Amino acid sequence: ANPADMMECVMNILENYPPQTIRLLMNHIGTHDTERALTVLAGEPAYHHGREWQSCHHLSHEQREKGLKLLRLASLLQYTLPGIPCIYYGDEAGLEGYRDPFNRGTYPWGQEDQALLEWYRNLGKIRKNCPALTESGMVPYLAEKECFSFLRIGKDQAVFVAVNRSGWDQYIHIPYEWQQVHVLLGEAPKNEQLHLGPYGYSLLAMEAAPEEDGE
């Protein structure tokens with residue numbers, strides 16, 4: 001889906017479910033019934049191919065590198081959108097795989113993608129230390145030009161989230177009050193502009209919540 005369609009989908013859920021349910025939603029990227037996230041994001045589609053084809057097809061180095069970039073964007077949204085992030089074992093370690101049984105491989109003990117594991121650990125720490133990510137609703141901000149961004153505004157904290165799924169630089173205009181913030185991920189804004197590099201992201205936080213000023 002394009003960013004605008006995704007934003008509409010998210011907002012439809014938030015507007016039609018009670019707050020008690022929203023807080024308990026299970027945010028999945030993959031499960032035992034789906035192909036592995038990395039494979040879906042960057043691999044050749046399985047289409048009608050049978051098990052023999054699926055068993056011997058793996059991501060090339062270039063495909064895997066792109067898949068890892070996209071998985072970071074997807075998991076950042078998974079950890080910052082309303083709901084509870086739920087990880088299918090092995091996705092955080094970089095497992096690949098097409099349909100059952102190839103999506104149910106054993107956990108790669110001792111062969112994990114350490115950089116990806118550290119990324120997920122960091123997301124967990126950020127979520128734990130940012131009350132706005134668990135106590136507040138969501139305010140849409142921008143969903144166009146391959147960018148998707150929103151705010152989580154809590155009682156004593158506000159968080160700004162933005163991702164760029166394209167392979168080129170993007171710039172987002174942000175309100176003046178977001179110039180002095182704590183940068184959790186990505187770059188600091190400059191002159192009311194936030195730079196998102198190719199497949200880039202930003203996660204900003206500030207203690208005093210601003211008015212709900214979105215675009």
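The values are calculated or read from the model by the stated rules, or taken from the named source; none is laboratory data. Nothing here was measured: the structure is a model prediction, and the numbers come from that model. Ideal geometry is used to build each Cβ from the backbone, glycine not excepted, and the neighbour counts take in all protein chains shown. Remember, those area values only see protein heavy atoms, side chains included, never the ligands or the DNA or RNA. Shrake-Rupley method; radii C 1.70, N 1.55, O 1.52, S 1.80 Å.
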Legend entry - Value at 222 nm in deg cm²/dmol, rounded to 500, when DSSP H runs of n ≥ 4 in the chain each add -39,500 (n - 2.57): -9500 deg cm²/dmol
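Provide the gained length on full extension for the span Asp5 to Arg121, in nm with one decimal, where the gain is 0.36 nm per separating residue minus the Cα-Cα distance. Each step should come with its number before you reach the end.
Numbers: separation 116, 0.36 × 116 = 41.76 nm, distance 2.96 nm.
Full extension from Asp5 to Arg121 adds 38.8 nm.
From the protein chains alone at 1.4 Å, what is the descending order of accessible area for Val40, Val163, largest first?
Order by accessible area, largest first: Val40, Val163.
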Inset, instruction - Give the relative contact order (percent, whole number) for region 103-165; include only Cα pairs under 8 Å separated by 6+ residues. - result: 23 percent
Legend entry - Accessible-area value, Tyr107, 1.4 Å probe, nucleic acids and ligands omitted, Å²: 40 Å²
Inset, instruction - Would you mind telling me which residue in Leu117, Leu24, Leu38 has the biggest mean-square fluctuation in a Gaussian network model of the chain, where springs connect alpha carbons within a distance under 10 angstrom? - result: Leu24
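Which percent of the accessible heavy-atom area of the chain goes to carbon and sulfur, probe 1.4 angstrom? Walk me through the numbers before you get to the answer.
Working: 6040 of 11600 Å².
Answer for the chain: carbon and sulfur cover 52 percent of the accessible area.
Using 0.36 nm per residue, how much length does the chain from Ile84 to His32 gain when fully extended, once their Cα-Cα distance is taken away? Each step should come with its number before you reach the end.
Numbers: separation 52, 0.36 × 52 = 18.72 nm, distance 1.79 nm.
This chain segment gains 16.9 nm when fully extended.
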Inset, instruction - Return the single residue from Gly186, Gly50, Gly67 with maximal mean-square fluctuation; model: Gaussian network over the chain, springs between Cα atoms under 10 Å. - result: Gly50
Legend entry - Cα centroid separation - region 10-26 against region 160-204, whole Å: 26 Å
Legend entry - Difference of contour (0.36 nm per residue) and Cα-Cα distance, Asn12 to Ser166: 52.9 nm
Inset, instruction - For region 125-201, calculate the relative contact order in percent as a whole number, restricting contacts to Cα pairs under 8 Å that are 6 or more residues apart. - result: 25 percent
Inset, instruction - Would you mind calculating the relative contact order of region 26-89 from Cα pairs under 8 angstrom and at least 6 residues apart, reporting the percent as a whole number? - result: 57 percent
Inset, instruction - Would you calculate the separation in nanometres between label points at Asn191 and Glu177, each defined as 7 Å from the Cα along the Cα-to-beta-carbon direction? - result: 2.4 nm
